Amino acid sequence: MTNSSKCAVCGVSASLKCMACKQVFYCGKEHQKIHWKKGHKAECKCYEIARNDVLGRHLRASRDIKCGEIILRESPLIYGPKVASAPLCLGCHRTLSTPVGGSNFYKCRKCSWPLCGPDCEHSQHHLHECQLMASRNFRAKIDYSGQVGKKESAYCVILPLRCLLMKASQPADFERFSELEDHLNERKDTPLYNVLRANLVTFVKTILGMHESEEEVLRVAAILDTNAFEIRQNNLGRKVRAIYPSASMFSHDCISNSRHTFDDNMQIVFIAKTPIAKGDIISTSYTQPLWSTIMRRSHLLQAKCFECTCRRCLDPTELNTFTGAITCSRCKVGKIISTNPMDNSAIWKCQLCPHKLSAKQINLGNQAIQNEIDSLDKTSAKAFEEFLFRYRDTLHEKNTHILQVKYALTQLYDFSMIEHNDAALKRKLELCQELLEIAELLDGGWSIFRGNLILDLQEAMVVQAKREFLNGLLTREATQEKLLESMNLLKEALEIMKLEPDMKQMLNERTQLLAKELEMEDS
Ligand SMILES: C[S@@+](CC[C@H](N)C(=O)[O-])C[C@H]1O[C@@H](n2cnc3c(N)ncnc32)[C@H](O)[C@@H]1O
């Protein structure tokens, strides 16, 4: 189940480890030397594991780290379907969207779980679980419903089962897994864990006859919930969750200095989004940058069982973005902010006048607005623009709901829309520039959010330059200058996105196209 022992140069089974970072394997000294010269020297461990009372174990930079540097690369210890998953092959983990010939999925001949075909019956991932389920006469009942992507909660038992089976088949890996944080005490009495007690524990103990205690089974689920990374690789049709023990040590900060991606072999790769000084905590974000403090903190408490005390959460103005604030309905100018963001029941107060609201009123208002956003027609830019118009006086321009709707609009104004529509083009440029300013404050440096916005802005700039040239509004030289400016943006986006496997093709095509256009403008 683990592929951590493959030579980083030739891919054969390997047992020699880089002693500095213990992350990379080699078949021998020769390949270790080659790999060092080819770049491992620069990538080799730049962090150490530290511990404190607030974060528990976390990572600290053991030397200065440059923006864009790879901090860590790691293969999954174990992986499998998410708790509720669209039907996927338990052998190769590809999503099964439609049955291959016939009206149902191909089913494993022993345990009946859907697979992509007979070859996957022998996959190392599926073998052990299949043998156990078959020996207990268990047959999965997942049938093609005609609804592509329909989620099945039956998959919730698979990854915990794989973890439990590791105990006998890969004891050292199971030990590493067991050393991870679980927060089982906080989770135990939640509705989700009551459901797990009814289905997962019953499946493991009663149906499969395994000897683990209820506590042990639930602890495995709790370790997964606290540490698993979700992998979404649309280009490979893969949507699973996985455990990476070293990557699990990254602590959370709402203004993080690193981010991760996954390569085609499912290795996780963490890179520095900003320069990180020796001794600094290396953090990642477990939430979304455009969410307000209430949203981020409640997500972190529910999913990861801790109260965030980062500088954005502590600051009632959210670093002067006022993302969670609303415009005061009394004075119409001030912003209403929490009197104590660390206390969910604290009063909210206008910065300029005595107007106050209770936390309950704020929460109910937010929920109603979120429901309204959720009910918008996701294909209609008009519906999203009308939302912005409706809330122009209540929610200020950087409020979380407004920002989320504005980001959705940058996606709705896609190439086909801005290509022939001047107003859409102008609006897209305006929205991208505005959101890029926010990104600098809340998710700066080499973040995916900034990378995507830069790409959107760059595309719109090219369309605008070409249109203005055709309409006689720009000289050849001025057009050339604008295209060069957009080439610089594209180069920045290429740097930010160079490790994103599913972006490669699009980025290459776009660079080639723009280079050609620049040549044409030159001649
Ligand atoms: C993926 S684990 C990180 C490793 C963990 N600290 C450990 O010692 O195993 C996530 C857990 O780390 C802790 N944690 C991470 N970031 C934190 C933060 N900003 N504040 C408080 N606790 C944090 C929480 O207990 C959280 O559930």
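Regarding residue 408, is this residue hydrophobic (A, V, I, L, M, F, W, C), within 19 Å of the chain's Cα centre (by Cα) and not assigned by the TED database to the domain that holds residue 513?
yes
Search the range 108-137 for residues being more than 14 Å from residue 89 (Cβ to Cβ) and among the small types (Gly, Ala, Ser), and hand back the single one that is surrounded by the fewest Cβ atoms within 10 Å (Cβ to Cβ).
135
If you go through the range 82-95 one residue at a time, do you hit one that is within 16 Å of the ligand (Cβ to nearest atom) and among the β-branched types (Val, Ile, Thr)?
no
If you take the residues of the range 223-240 that are within 13 Å of the chain's Cα centre (by Cα) and part of a strand (DSSP E or B), which of them is nearest to the ligand (Cβ to nearest atom)?
Filtering the range 223-240 for residues that are within 13 Å of the chain's Cα centre (by Cα) and part of a strand (DSSP E or B), the one nearest to the ligand (Cβ to nearest atom) comes out as 229.
Tally time: how many residues in the range 36-61 are away from the ligand (no atom under 16 Å from the Cβ) and either surrounded by 15 or more Cβ atoms within 10 Å (Cβ to Cβ) or at pLDDT 95 or above (or both)?
Final tally of qualifying residues: 7.
Take residue 59 and decide whether it is touching a helix residue (DSSP H, G or I) at 6+ places or on another chain (Cβ under 8 Å) and outside the structural domain of residue 169 (by the TED database).
So residue 59 fits the description; yes.
Answer yes if at least one residue in the range 176-191 is touching a residue at least 24 places away in the same chain (Cβ under 8 Å), more than 16 Å from the ligand (Cβ to nearest atom) and closer than 22 Å to residue 242 by Cα, and no otherwise.
No: the range 176-191 contains no residue that is touching a residue at least 24 places away in the same chain (Cβ under 8 Å), more than 16 Å from the ligand (Cβ to nearest atom) and closer than 22 Å to residue 242 by Cα.
For the range 284-300, which positions are without any contact (Cβ under 8 Å) to a residue 40 or more places away in the chain and either outside any helix (DSSP H, G or I) or near the ligand (Cβ under 10 Å from one of its atoms) (or both)?
284, 286, 287, 288
Can you spot a residue in the range 62-70 that is more than 16 Å from the ligand (Cβ to nearest atom), farther than 30 Å from residue 277 by Cβ and of a type in the set (Lys, Arg)?
no
What number goes with the only condition from (1) under 23 Å from residue 515 (Cβ atoms); (2) surrounded by fewer than 18 Cβ atoms within 10 Å (Cβ to Cβ); (3) touching a Leu at 6+ places or on another chain (Cβ under 6 Å) that residue 441 does not pass?
Going through the list (1) under 23 Å from residue 515 (Cβ atoms); (2) surrounded by fewer than 18 Cβ atoms within 10 Å (Cβ to Cβ); (3) touching a Leu at 6+ places or on another chain (Cβ under 6 Å), residue 441 breaks only (1).
Pick out, from the range 144-193, the helices (runs of 4 or more DSSP H) lying fully within it that include 2 or more residues that are within 30 Å of residue 98 (Cα to Cα).
Filter on the range 144-193 gives 158-169.
To keep it simple, each residue is scored yes or no on (1) more than 16 Å from the ligand (Cβ to nearest atom); (2) surrounded by 21 or more Cβ atoms within 10 Å (Cβ to Cβ); (3) under 19 Å from residue 64 (Cβ atoms).
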site	(1), (2), (3)
210	yes, no, no
217	yes, yes, no
221	no, yes, no
242	no, yes, no
247	no, yes, no
257	no, yes, yes
265	yes, no, no
269	yes, no, no
279	yes, no, yes
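Would you be able to say whether some residue in the range 193-204 is modelled with pLDDT of 95 or more and within 16 Å of the ligand (Cβ to nearest atom)?
yes
For the range 377-404, which residues satisfy the criterion of being more than 27 Å from residue 333 (Cα to Cα) and in contact (Cβ under 8 Å) with a residue 12 or more places away in the chain?
If the condition is that a residue be more than 27 Å from residue 333 (Cα to Cα) and in contact (Cβ under 8 Å) with a residue 12 or more places away in the chain, then 378, 379, 380, 381 are the ones that fit.
The values are calculated or read from the model by the stated rules, or taken from the named source; none is laboratory data. Just so it is clear, the model here is predicted, and its values are computed rather than measured. Note that we place each Cβ from the backbone using ideal geometry, even for glycine, and neighbour counts take in every protein chain shown.
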